[in-house]
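K.L.:
My structure is below; once you've seen it, I'll send some questions.
The values are calculated or read from the model by the stated rules, or taken from the named source; none is laboratory data. On a predicted model such as this, the values are computed, not experimentally measured, just so you know. Reconstructed Cβ throughout: ideal geometry from the backbone, glycine too, with neighbour counts over all protein chains shown.
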Amino acid sequence: MFTRKMLFTKVSTLLLTIFIAEGCSSKDSDDKADQVALTSLSDEFNESSSWSKWTKAIDVKTDDAYIGKFDINQTSEGHLYIEAVKGTWYGENTGHLSFKQVTGDFVASMRVKVAGKNTPIPQGSYDLTGLMARVPNQKTGEAYSDSNENWEYLSTGGHADSRIIDYKKNIRSSFTFQTADVNTDWIELRLARIGNDIVKLYKEDGGAWQFAEANRRDDFPDTLQVGFCLLTDLNGSPDNYTTIDYIRFQEPVLTDDMAKKIEDETAEDKDWIALLGK
């Protein structure tokens with residue numbers, strides 16, 4: 001077993017022989033440090049002070065207030081509670097994103113429930129909450145560009161009185177998306193980056209992991225904004241009341257066989273589930 005960071009390392013047989021002892025020791029240490037670093041970004045939402053460890057994206061289309069009430073470990077014990085009041089994510093449109101800055105490969109997992117104000121399922125059109133991996137849209141000293149939104153997300157919530165999974169990719173503010181129906185209130189979402197692949201899985205409470213999609217994003221830089229995003233009704237009547245149990249980060253660990261499939265671009269749905277659905 002080894003991490004994706006070892007996958008494309010190319011060294012000659014001679015150098016590998018000479019430095020094998022030192023190299024393996026150094027690599028093992030680096031891998032452990034990466035695991036610790038990613039794990040430290042996780043949040044179980046047991047303490048209100050953890051909110052300060054999240055960064056709100058300000059490189060967005062407007063500076064509107066996208067969320068109203070929010071608290072940690074108050075409205076719902078051991079959870080982050082948020083009432084979204086505005087914003088969405090598609091094309092050049094933006095909403096709320098709270099993120100951790102992540103470099104390299106990662107697996108992000110979220111357990112979340114999205115309800116309406118008076119109903120178990122939001123009554124609007126695409127009231128959603130999910131995980132997002134986004135390219136920062138504004139460099140220091142440069143103006144925000146609404147034609148340069150690049151991201152991937154995996155979300156859940158309500159649309160047309162149905163509970164759904166919604167997964168979307170945005171490339172230079174042009175988007176494609178798909179949806180799938182789900183039944184349970186609580187949903188687990190999993191968003192992973194392995195090399196240039198962005199992989200999305202989801203799971204209903206008590207169910208098995210399901211594959212949503214995997215997209216090749218050669219345009220993504222090493223460092224991304226990774227966190228939770230909120231969307232509200234497209235018709236201007238938000239009905240998104242979100243409860244998040246946890247968001248956890250870890251590093252993907254590959255088998256030799258899976259590493260080869262990724263390198264050859266032959267990984268199938270079942271392979272991604274076997275790798276990430278644990």
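K.L.:
Looking at region 95-104, which of its residues are buried (at least 17 other Cβ atoms within 10 Å of the Cβ) and either over 16 Å from the mean Cα position of the chain (by Cα) or not in a loop (DSSP other than H, G, I, E, B) (or both)? Walk me through it before giving the result.
P.N.:
First, pick out the residues of region 95-104 that are buried (at least 17 other Cβ atoms within 10 Å of the Cβ): 95-100, 102, 104.
Hits for region 95-104 are HIS96, LEU97, SER98, PHE99, LYS100, VAL102.
K.L.:
Taking region 182-223 as the region of interest, how many residues are more than 22 Å from HIS159 (Cβ to Cβ) and either in contact with a Cys (Cβ under 6 Å, 6 or more places away or on another chain) or surrounded by fewer than 16 Cβ atoms within 10 Å (Cβ to Cβ) (or both)?
P.N.:
Looking only at region 182-223, we keep the residues that are more than 22 Å from HIS159 (Cβ to Cβ), and these are 192-199, 206, 208-209, 214, 216-223.
Filter again for either in contact with a Cys (Cβ under 6 Å, 6 or more places away or on another chain) or surrounded by fewer than 16 Cβ atoms within 10 Å (Cβ to Cβ) (or both), leaving 196, 206, 208, 216, 218-219, 221-223.
Looking only at that region, the number is 9.
K.L.:
Does GLU268 count as modelled with pLDDT of 95 or more, more than 17 Å from the chain's Cα centre (by Cα) and farther than 24 Å from THR75 by Cβ? Steps first, answer last, please.
P.N.:
On the way: modelled with pLDDT of 95 or more: yes; more than 17 Å from the chain's Cα centre (by Cα): yes; farther than 24 Å from THR75 by Cβ: yes.
When the stated conditions are applied, GLU268 passes them.
K.L.:
Something else: Mind checking which pairs have a first residue in region 203-215 that is touching a residue at least 12 places away in the same chain (Cβ under 8 Å) and a second that is among the hydrophobic types (A, V, I, L, M, F, W, C) and part of a loop (DSSP other than H, G, I, E, B), Cβ under 8 Å, 6 or more apart or different chains?
P.N.:
As it stands, the answer is LYS203/TRP209; GLU204/VAL182; ALA214/ALA267, since those pairs meet every condition given.
K.L.:
Taking the residues in region 25-45 that are surrounded by fewer than 13 Cβ atoms within 10 Å (Cβ to Cβ) and modelled with pLDDT of 60 or more as candidates, determine which candidate is farthest from LYS100 (Cα to Cα).
P.N.:
We begin by selecting, within region 25-45, every residue surrounded by fewer than 13 Cβ atoms within 10 Å (Cβ to Cβ); these are 25-26, 28-29, 32-33, 36, 39-40.
Of the ones still in play, those that are also modelled with pLDDT of 60 or more are 36, 39-40.
Numbers: VAL36: 15, THR39: 12, SER40: 11 Å.
Top of the filtered list is VAL36.
K.L.:
Something else: Quick one: is VAL114 closer than 30 Å to ALA274 by Cα, at pLDDT 95 or above and β-branched (Val, Ile, Thr)? Walk me through how you get there before you give the answer.
P.N.:
Values: closer than 30 Å to ALA274 by Cα: yes; at pLDDT 95 or above: yes; β-branched (Val, Ile, Thr): yes.
Taking the combined requirement at face value, the residue satisfies it.
Conditions tested, residue by residue: (1) without any contact (Cβ under 8 Å) to a residue 60 or more places away in the chain; (2) farther than 30 Å from ILE262 by Cα.
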residue: GLY116; (1), (2): no, yes
residue: ILE121; (1), (2): yes, yes
residue: LEU131; (1), (2): no, no
residue: PRO136; (1), (2): no, no
residue: THR156; (1), (2): yes, no
residue: HIS159; (1), (2): yes, yes
residue: LYS169; (1), (2): yes, no
residue: PHE177; (1), (2): no, no
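K.L.:
Before we move on, is THR223 polar (S, T, N, Q), within 28 Å of GLU44 (Cβ to Cβ) and at pLDDT 95 or above? Quick ask: steps written out before the conclusion?
P.N.:
Details: polar (S, T, N, Q): yes; within 28 Å of GLU44 (Cβ to Cβ): yes; at pLDDT 95 or above: yes.
Yes, satisfied.
K.L.:
Are any of the residues in region 86-94 closer than 19 Å to PHE45 by Cα and touching a strand residue (DSSP E or B) at 6+ places or on another chain (Cβ under 7 Å)?
P.N.:
Here is the first cut: in region 86-94, the ones closer than 19 Å to PHE45 by Cα are none.
Looking through region 86-94, none of the residues is closer than 19 Å to PHE45 by Cα and touching a strand residue (DSSP E or B) at 6+ places or on another chain (Cβ under 7 Å).
K.L.:
Does region 66-89 hold any residues that are in contact with a Leu (Cβ under 8 Å, 6 or more places away or on another chain) and in contact (Cβ under 8 Å) with a residue 60 or more places away in the chain, and which are they?
P.N.:
Matches in region 66-89: TYR66, ILE67, ILE82, ALA84, GLY87, THR88, TRP89.
K.L.:
Can you name the condition, by its number, that ILE165 falls short on among (1) of a type in the set (Val, Ile, Thr); (2) surrounded by 19 or more Cβ atoms within 10 Å (Cβ to Cβ); (3) without any contact (Cβ under 8 Å) to a residue 24 or more places away in the chain?
P.N.:
(3)
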